[in-house]
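The values are calculated or read from the model by the stated rules, or taken from the named source; none is laboratory data. Bear in mind that the values here come from a model prediction, so they are computed numbers and not experimental data. Counting neighbours? That spans all protein chains shown, and the Cβs are built from the backbone with ideal geometry, glycine included.
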Amino acid sequence: MGDEDYGKVPAWDTAIQQAARVEFVKLRQRCIIPEQGWPDSFWSAVQVRKSFDGEAAQQIIQLFQSLTPGESARCHIPPWGLAFYDSTQLLFTTTLCFECSNAYLYTDLGKELRAFNTSETHAQQLLSLLNRELPL
């Protein structure tokens, strides 16, 4: 990944417009998930899953789309992830670290680091939902 990839928000250049269902996931260990073998490598790192559709899914999708650019740090110790689906299949997954402002996106093309502003309103609302639905 080159320097030009930094500053891309998590939803940039994804299939998010096709998303109809979302899963919140709590990860077993706070670490970067290997991209090899995706999506199985992602699911093997998941401890708990909670699915949302309809209006609740659309709210989460909107929050994810509204995340603003942030400055990336290097820790990436994510407690949570998200999985986005269209009506029939998995589109992409992501892990979120609110400590370092990083999101790793996982697709069948590999993984990519994105950064988001954890202090802005949409990020705080998403964090609040994650804490409420999958408390640590």
Q) If you take the residues in the stretch 51-79 that are over 14 Å from the mean Cα position of the chain (by Cα) and assigned to a helix (DSSP H, G or I), which one is farthest from His122 (Cα to Cα)? A) Gly54
**Q.** Matching residues in the stretch 110-136 - criterion: being of a type in the set (Lys, Arg) and surrounded by 13 or more Cβ atoms within 10 Å (Cβ to Cβ)
**A.** Lys111, Arg114
Q | Those residues of the stretch 81-109 which are closer than 15 Å to Trp43 by Cβ, exposed (fewer than 14 other Cβ atoms within 10 Å of the Cβ) and modelled with pLDDT of 95 or more, in sequence order | A | Gln89
Q. If you go through the stretch 69-120 one residue at a time, how many are among the charged types (D, E, K, R) and in contact with an Asp or Glu (Cβ under 7 Å, 6 or more places away or on another chain)?
A. 2
**Q.** Enumeration of residues in the stretch 85-136 that are free of Cβ contacts under 8 Å to residues at least 12 places away in the same chain and within 20 Å of Arg74 (Cα to Cα)
**A.** Ser119
**Q.** Count - residues of the stretch 80-100 that are part of a loop (DSSP other than H, G, I, E, B) and either of a type in the set (Asp, Glu) or within 24 Å of Gln17 (Cβ to Cβ) (or both)
**A.** 5
